[in-house]
1. For a footprinting-style exposure proxy, rank Ile172, Ile278, Ile216, Ile180 by other Cβ within 10 Å, fewest first.
2. Could you work out the local net charge near Val335, counting Lys and Arg as +1, Asp and Glu as -1, over the other residues with Cβ closer than 12 Å to its Cβ?
3. I'd like the Karplus ³J(HN,Hα) series for segment 66-77: coefficients 6.51, -1.76, 1.60, θ = phi - 60°, whole numbers in Hz, and an x wherever there's a Gly or Pro.
4. Please arrange Ser314, Ser185, Ser203 by how many other C-beta atoms lie within 10 Å of their C-beta, fewest to most.
5. With a 10 Å radius around each residue's Cβ, average the other Cβ atoms per peptide and rank 299-309, 64-74, highest first.
6. For a footprinting-style exposure proxy, rank Ser287, Ser273, Ser96 by other Cβ within 10 Å, fewest first.
7. Which pairs break 32 Å Cα to Cα here: Lys113/Lys228; Lys53/Lys213; Lys78/Lys225?
8. Enumerate the amide H contacts of Leu204 below 5 Å, restricted to partners 5 or more residues apart or on another chain; note that Pro and chain-start residues carry no placed amide H.
Amino acid sequence: MAKLKNFLLGKGEALMQPVRHNTGGGPKKHPYTFQESRDRLLPKIHLLNNSFKDLPPLATPENMVVTKFTLNPAYLAKSYFPDHFFSVIGQVVIGSKGVSIIPEKWPKKGKPKLSESLVLFASAKKEKVIAFQKKLDDINFQNEADLQELIKIEDIGTFYPGERIKGFDDNINDITNCEIVLHASSSHHDLFIFYALEQYADSLDIELNSGLKSNIGGITFIPAKIPKLAIPQLEKFTYLRCVRPSPKIRIFKGSYTSGFEFQLPNEEALNSSFSAAILDAGYDFNSGLEKWVSHLDLAESTTDRGAMHGTGVSSAFLFGSLEEEQVAPRPYVNVDNINVYEPSDDDECFNTIKDSPAKTNIVF
């Protein structure tokens, strides 16, 4: 058999070429073209600006208004957030809320179905919203690049009457305890919102309890006494997220179990330099907890159930969850059990809680 010759090929790299691997991806499919978005949203922007004309000046601090922008469900990923769009039209996103909607169109096959989406609350000067409308009104407007992210917006609008009034029934009192929830942070940049609310509330005979306001993540909660007829007017305040009845003090219902036996520790609390204040509904002086619990009555009365509840809460704080016949652990600190419960009057109960720091050495 003849011997085969082996050939050596030089510069084989010259024969190489790129190989395209199809990963199944591709350009993002959009539900709408820019022109479609412009045609469907422009009438809504006109309605939006017309609605702003009806707002009282005090309800739009520094001529600012809040608009709702609903995203098409195809753009919920963080990478699709329309930052550039809001920057171009002069809007600042101040909050959001998850919703379920059926979009007019979506990039999937088949008829659009109920889908999760996001409503963005954005604030801007009125003139910025008007300028946005005029730019889209211009039939010669061709600069799609600046507003291309308009295609991500499913809906634009303002709040419909009653949308931000939550949890009231037909039997509310003429003046009722409420909680006002605002799109406002604790930053000094948002102080103008609180100043405006105080003026607007005063014009409606609303009594704000600003000393008890609290802020969580850009949302501020303010207790208030509001005349029933003023609630629809308060809803016109543009930075309002909602107004709702104040939480009610829960009445003690049901039955208590008989419990089980366990052994109390012999030691004093680990740290006796301060105590934890528990504002509740009373204390059972036969509980055997006097080594660690001091009691103070700020309310005029209590009930047996209230005393059992207050004692149970104090015990749970001191010893945690216990098993039958267990030796309870040594408490970390002592407890000041303070009765603030007024069985017949929620107002009195809230006032007692509000005044408790001045009558005790409590630090909230």
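What follows draws every value from the coordinates through simple rules; no lab data is involved. Every value quoted in this text rests on a predicted model; they were computed, and no experiment measured them. Virtual Cβ from ideal backbone geometry, glycine too; neighbours counted across all protein chains shown.
1. Numbers: Ile172 15, Ile278 21, Ile216 9, Ile180 24.
With the sparsest Cβ surroundings first, the list reads Ile216, Ile172, Ile278, Ile180.
2. Details: positive: Lys291; negative: Asp280, Glu290, Asp336.
My count for the surroundings of Val335 gives -2.
3. The phi angles translate into 10, 10, 9, 10, 9, 7, 5, x, 6, 10, 7, 5 Hz.
4. Ser203, Ser185, Ser314
5. 64-74, 299-309
6. Sorted ascending by nearby Cβ count, the order is Ser273, Ser96, Ser287.
7. Exceeds cut-off: Lys113/Lys228; Lys78/Lys225.
8. The answer is none.
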